[in-house]
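Quick notes on the structure that follows.
The values are calculated or read from the model by the stated rules, or taken from the named source; none is laboratory data. Computed from a predicted model, the values in this text were never measured in an experiment. Backbone-built Cβ (ideal geometry, glycine too); neighbour counts: all protein chains shown. Please note that ligands, DNA and RNA were not included when accessible areas were found on the heavy atoms of the full protein model with its side chains. Shrake-Rupley method; radii C 1.70, N 1.55, O 1.52, S 1.80 Å.
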Amino acid sequence: MYKPAAFVLLAVFMLSGPAIADITPERAERLEHMILQDCGSCHGLTRAGGLGKPLTRKALAGAAPEGLALIILDGVPGTAMPPWRPLLTEDEAMWIANYLLKEAK
Amino acid sequence: MKRPILALALILMTAPVCAADTTMATGDLGLVVERTTGSLLAVDRSEHAAIGRIEGLGDLSHASITYSPDERFAYVFGRDGGLTKVNMLSQAIVKRVLQAGNSIGGAISDDGKLIAVSNYEPGGVRVFDADTLEMVADIPLNAKTIGLVDLPRRRFAWATWDSGEAWMADFSGPEMVLTKLGDVGKNPYDAVLTDDGRTFLIGLFGEKGVTAIDLWADKPEPVRFLKDYGKDQEDLPVYKMPHLQGWAFTGDQFVLPAVGQHELLWVDRRSLTETARTKTHGQPVFIIAQPGSPYVWVNFATPLNDTVQVVDSRNHQVVKTLTPGEGVLHMEFAPRGAEVWISVRDADKVKVFDSFDYHLIAEIAAQSPSGIFFTSRAHRIGL
């Protein structure tokens, strides 16, 4: 299974901004699992898209992480993208946004 | 499969062991989709055991499987557009084609000769020769296809997510005949054919309601029902799209998932009117009737996907709540309903339960298991 060590990712992201400082390695691993399995249900395990749009690095090129985090938190009305705010903190949404932008797929 | 001949040979010692009959049959076999690793686990239903693994099937998120009429071959539809033909006896890939960029499911014609695949990218349906996997028809339609089912006499029906239409393709004559069945509503998320082959039921995500098309009518037309369920309640987020493929037909009722509500909706088959609702643990994903019983089994969207509930269709009450573990993705019944196989993704297990007293019969190791497909599906209409 594709599973880079969460602490390495965390170390990388800690350089990119303070917003992820509160994410523990254990939580980071859960978030990574969530991206693969739950986001993957609609966006594909390779993030090439499905009912949801592609989330590959290429597809997201130029997107601001803050904008992606807002989409994750509040969803996209009129589409199947639900608001994840009930399940994620703002820091966690930022962590996911940064992950999608930086983890090659 | 039991091998009584081998046992007899060992007991009686009347013949050398090497003369034992090693012929296999496929009637109680199945495949479990291992979504993260792009592999399939071959399982033996009678032995409650894994008997092999087939690898190299690409992206198997949202994969589904149909079987040839002789239950020898499986056709696997992968997310990455892969259509793979697998030999159940040798447990090997016979042929694999990348027929599209992004696909979602498929169906086999009643004569076993045609394989239809529903695609997201490009949209539409492509139809292939079941022997060679050569394409025999391409129906673009410029929309994502959902709910593709086989109909009797070499026909297929489906709906389109983007444009909200239902279509039928008829391959019974020398030329394919394509018919639009009608406009069915905004963003259909899945569709299913009733067990009698009569009604094509299409669930809507973009607006409240379900559309039924009576395929026995001279001129089939969409009829909307359940148009205002939950209209007085605020919609809850839908963290996983429900599926209608579960054949949730019991007695004179359909049971359907409420979208954005943690409820089941019970509907009278003939009048298409709501008869009852059942509050459930979470957003229902699959609602599957336990064959030969009044019960349906329900699993739920994340983050409440560690639970399965059993509901009695006679009084619409939850009669049992099980917690097999995080990531319950699918349930498949033995054809006569005695046991249910449940994939528990995060436990890396398929768990087998007795359908009537709910005791755990067996656990089978599997890598992030999702869909479970027994070969007996070969003989069921509309899958």
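How are the Cα pair distances of chain B distributed, in percent, across 10 Å bins from 0?
Histogramming chain B at 10 Å steps yields 5, 24, 33, 25, 9, 3, 1, 0 percent.
Would you calculate the separation in nanometres between label points at B:M135 and B:S293, each defined as 7 Å from the Cα along the Cα-to-beta-carbon direction?
Result for the modelled spin labels: 4.4 nm.
Quick check on packing: order B:223-236, B:289-302, B:127-140 by the mean number of other C-beta atoms within 10 Å, highest mean leading.
Ranking, from highest mean packing down: B:289-302, B:127-140, B:223-236.
Under unit Cβ charges (Lys, Arg +1; Asp, Glu -1), what dipole magnitude, rounded to 20 debye, does the range B:63-154 have relative to its Cα centre?
140
Give me the Kirkwood hydrodynamic radius of the range A:48-105, using the inverse of the mean 1/r over all pairs of distinct Cα atoms, in Å to one decimal.
After inverting the mean inverse Cα-Cα distance, the result is 11.6 Å.
Using only DSSP helix segments of four residues or longer, with each worth -39500 (n - 2.57), what per-residue ellipticity at 222 nm results for chain B after dividing by its residue count and rounding to 500?
After summing the helix terms and dividing by residue count, I get -500 deg cm²/dmol.
Mind listing the phi-derived Karplus ³J(HN,Hα) values for the range B:107-117, rounded to whole Hz, using 6.51, -1.76 and 1.60 with θ = phi - 60°, and x for any glycine or proline?
Karplus-based 3J(HN,Hα) across the range B:107-117 equals 8, 10, 5, 4, 8, x, 9, 10, 10, 9, 10 Hz.
Can you pull a Stokes-Einstein diffusion coefficient for the protein assembly as shown at 25 °C (0.890 mPa s), Rh from Kirkwood over Cα pairs, as a whole number of µm²/s?
Using the Kirkwood radius from Cα pairs, D works out to 105 µm²/s.
Show B:H62, B:H316 ordered by accessible area, largest first, where the area counts protein heavy atoms only and the probe is 1.4 Å. Spell out each step's value before the answer.
On the way: B:H62 65, B:H316 35 Å².
Accessible-area ranking of B:H62, B:H316, largest first: B:H62, B:H316.
When Cβ neighbours within 10 Å are restricted to other protein chains, what is their mean count per residue of peptide B:206-213?
0
Chains A and B: how much accessible area gets covered up at their contact, both sides added, probe 1.4 Å, in Å² to the nearest hundred?
The summed interface area works out to 1900 Å².
Within 10 Å of each Cβ in A:42-55, how many Cβ atoms from other chains are there, averaged over the peptide?
Mean shielding by partner chains, rounded to a whole number: 5.
Which entries in the list B:K113/B:K180; A:K58/B:K240; B:K85/B:K279; B:K240/B:K320; A:K53/B:K208 go over 31 Å, if you measure between the two C-alpha atoms of each?
Too far apart for the 31 Å limit: B:K85/B:K279.
A:D74 versus B:T275, label points 7 Å from Cα toward the beta carbon: distance in nm?
Going by the 7 Å Cα→Cβ label model, 4.4 nm.
For chain B, what is the accessible area per residue in Å² when the probe is 1.4 Å?
On a per-residue basis, 39 Å².
Could you give the nm distance between label points at A:R27 and B:H359, where each point is 7 Å from its Cα heading toward the beta carbon?
It is 4.4 nm.
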